[in-house]
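Report on one structure; see the data block that follows.
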Amino acid sequence: MVIFLASCLILQYESESFFVLNMEKRHSNHELKRLKLHRVEGLKTRRKSSFLIRGGRKFKNLMRSNIGVASVSNYFVSEVIKRIRKRLLSLRSRELRLDVRKQVEYLRQHGKVVLAFRLAGGVGDAVIHARLLRDLVMACGASVQIDVYFNGPQVLKFIFANLHGVRKVLDDAHFNRLKGAYDVACILTHYFQLDDYGKSLARIESVSPKLADVLRRIESSQANLGAFIHHQPSLDGAFSDYAIERGLTREKGLHQLAGIAYSGAQLPIRIPKNWPSNEIRPGDLYITIHDGWDNSMTLASSRPTKAYPIDSWNQLVHLLKLRFPSLKIVQLGGGTGEAIEGVDVCLRGKTKLPESVAVMKKALLHIDSESGLVHLAAAIGIPAVVLFGPTNIEYFSYPENVNVGSQECRNCWWSVDSWSDACPRGFEVPICMSGIMPQTLVDKVAALLERQPRWRAAGAGGLPDLPMAG
């Protein structure tokens, strides 16, 4: 079945005449926004795209890129296998589903409104959604109880462990089979995708009138977002441009749509004790650095377009060591990305996510491309130097961070379905990321270090600015 689907996509590609110029010639930088708007016009009159239709569009885009046929085929085979595994998991654990239903019904009988939220996206999205759930319970009171559904729930439990009102973190494979047991079921993306809660509305009104008000505000504020929501995630790039024009950001956008107060970026995350690792001594002055991306992201290419080139990472570390000899550099990361040359401590692949957060907690700052660790750093109050390329810097950035974007080209996020695998303009290495100079980042790090009391107290200001190594 998997081989048949992959073969169909290849035959579809070969049967069509793609006399198409290089994407660099088709779409210059200033046309990327127009491309996203054209995408809105092209999709908004269609019915919601199926997995095969979206896959076909992405296949065409990938085959126009520099990625080989074998890598593209392997990508689609992996995607189909992942979906089959998810479907099989959803058929299992009948006892778990029965137990959850009993617990939800018990809570409802004891005067609680129980909500189910499926969190779409990766770890960074989950951090943003955790803030929303924190403030939703704060706004609506203890009568609101929440179950969270996520792809790989064990990864996230430490984020939600100390949040009032959040009961459980469950695998999202069970969401569709369980959502009918709740008063309200919702998929959280950049919007609220609410299931019909009409049968529970009278009860919600009596138990938690504030929640009823929030639900009404969501429906009102999202009245003009139908095309974006209907075709999510295909129009997310166009939505981010639309959102910025209306004062919405990723950090606070869901709060603004729901009309609830935002109580800040920091979260009461449960951090393991006895960390950092033995390779980091008490009193060490260090920064953390990360080359990687979400483990759940399936790629046709070896690195996503938003990853900083590994040669640039290597050069950045070299320049940082020259400028700040007394500063340790600690690399974090899981199974994605590559080892960066010259770091003092490499914890890549040696720590779980909660342990990486514990290491960041005692760092002076964090350096990263736009990833989940950036959102976790903000959640524990650690500033970061963040590199932006394909994703919208105005929409995704935190004002407390030093946010660095390319001036030559950027923000092609979801201009095409294959944006994360291959540069939409046809560059083998996206110029948005390769155009960010390591020396520029060293200067940004120096400025951010000067804002850190521990660094200033140590009198370790570093050496004068040095020219970029040849």
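The values are calculated or read from the model by the stated rules, or taken from the named source; none is laboratory data. Because the structure is a prediction, the values reported are computed rather than measured. Neighbour counts are summed over all protein chains in view; Cβ atoms, including those assigned to glycine, are modelled from backbone coordinates with ideal geometry.
Only one of R348, R451 is buried (at least 20 other Cβ atoms within 10 Å of the Cβ), over 18 Å from the mean Cα position of the chain (by Cα) and in the same structural domain as K306 (by TED's automatic domain parsing). Can you tell me which?
On the way: R451 fails: buried (at least 20 other Cβ atoms within 10 Å of the Cβ).
Checking each option against the conditions leaves just R348.
Which residue out of P399, P430, P424, P453 is more than 25 Å from S301 (Cβ to Cβ), modelled with pLDDT under 95 and not polar (S, T, N, Q)?
Numbers: P399 fails: modelled with pLDDT under 95; P430 fails: more than 25 Å from S301 (Cβ to Cβ); P424 fails: more than 25 Å from S301 (Cβ to Cβ).
On inspection, the qualifying residue turns out to be P453.
Please verify whether the stretch 191-199 includes one or more residues that are at pLDDT below 95, under 19 Å from E105 (Cα atoms) and either in a helix (DSSP H, G or I) or of a type in the set (G, A, S) (or both).
Yes, the stretch 191-199 contains at least one residue that is at pLDDT below 95, under 19 Å from E105 (Cα atoms) and either in a helix (DSSP H, G or I) or of a type in the set (G, A, S) (or both).
May I ask you to list pairs of residues, at least six apart or on different chains, whose Cβ atoms are under 7 Å apart, with the first in the stretch 187-201 being closer than 23 Å to G124 by Cβ and in contact (Cβ under 8 Å) with a residue 40 or more places away in the chain and the second being aromatic (F, W, Y) and loosely packed, with under 15 Cβ neighbours inside 10 Å?
That search, which allows pairs on different chains as well, returns nothing.
Taking G264 and the conditions (1) of a type outside the set (K, R); (2) at pLDDT 95 or above; (3) surrounded by 19 or more Cβ atoms within 10 Å (Cβ to Cβ), which numbered condition does it fall short on, given that it satisfies the others?
(3)
If G180 satisfies every condition in (1) farther than 23 Å from G253 by Cβ; (2) in a strand (DSSP E or B) but one, which is the exception?
It is condition (2) that G180 fails.
Let's see how each residue does on (1) within 20 Å of V442 (Cα to Cα); (2) among the aliphatic types (A, V, I, L, M); (3) touching a residue at least 24 places away in the same chain (Cβ under 8 Å); (4) in the same structural domain as P304 (by TED's automatic domain parsing):
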| residue | (1), (2), (3), (4) |
| --- | --- |
| E370 | yes, no, yes, yes |
| H375 | no, no, yes, yes |
| I380 | no, yes, yes, yes |
| P390 | no, no, yes, yes |
| I393 | yes, yes, no, yes |
| P399 | yes, no, no, yes |
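Looking only at the stretch 381-408, count how many residues are surrounded by 24 or more Cβ atoms within 10 Å (Cβ to Cβ) and farther than 20 Å from I287 by Cα.
Qualifying residue count for the region: 4.
When you go through (1) buried (at least 21 other Cβ atoms within 10 Å of the Cβ); (2) closer than 28 Å to V155 by Cα; (3) under 17 Å from the mean Cα position of the chain (by Cα) one by one for T298, which number turns out not to apply?
Single failed check for T298: (1).
Residue-by-condition table, conditions (1) surrounded by fewer than 16 Cβ atoms within 10 Å (Cβ to Cβ); (2) among the aromatic types (F, W, Y); (3) assigned by TED's automatic domain parsing to the domain that holds M138:
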| site | (1), (2), (3) |
| --- | --- |
| D236 | no, no, yes |
| Y242 | no, yes, yes |
| R246 | yes, no, yes |
| G253 | no, no, yes |
| P268 | yes, no, no |
| D291 | no, no, no |
| D311 | yes, no, no |
| K328 | no, no, no |
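Condition test on I146, is it at negative phi and in contact with a Lys or Arg (Cβ under 7 Å, 6 or more places away or on another chain)?
Criteria met by I146.
Is it true that some residue in the stretch 301-324 is at pLDDT 95 or above, of a type in the set (S, T, N, Q), closer than 22 Å to Q452 by Cβ and not in a strand (DSSP E or B)?
So far as the stretch 301-324 goes, no, none of its residues is at pLDDT 95 or above, of a type in the set (S, T, N, Q), closer than 22 Å to Q452 by Cβ and not in a strand (DSSP E or B).
Just checking, which of E251, E355 is under 30 Å from L215 (Cβ atoms) and of a type in the set (D, E, K, R)?
Numbers: E355 fails: under 30 Å from L215 (Cβ atoms).
After ruling out the rest, the residue left standing is E251.
If you take the residues of the stretch 351-380 that are aliphatic (A, V, I, L, M) and assigned to a loop (DSSP other than H, G, I, E, B), which of them is surrounded by the fewest Cβ atoms within 10 Å (Cβ to Cβ)?
I380
Specify which of the listed residues (I146, I187) is aliphatic (A, V, I, L, M) and buried (at least 21 other Cβ atoms within 10 Å of the Cβ). Before the answer, list the steps.
Values: I187 fails: buried (at least 21 other Cβ atoms within 10 Å of the Cβ).
Exactly one residue qualifies, and that residue is I146.
Take the conditions in a loop (DSSP other than H, G, I, E, B), assigned by TED's automatic domain parsing to the domain that holds P399, in contact (Cβ under 8 Å) with a residue 12 or more places away in the chain and within 20 Å of the chain's Cα centre (by Cα) and apply them to G337. Does it pass? If you could, list the steps in order and put the result at the bottom.
Numbers: in a loop (DSSP other than H, G, I, E, B): yes; assigned by TED's automatic domain parsing to the domain that holds P399: yes; in contact (Cβ under 8 Å) with a residue 12 or more places away in the chain: yes; within 20 Å of the chain's Cα centre (by Cα): yes.
Yes.
Could you check the stretch 423-444 and list, in sequence order, the residues that are within 13 Å of P309 (Cα to Cα) and part of a helix (DSSP H, G or I)?
I431, C432, M433, S434, P438
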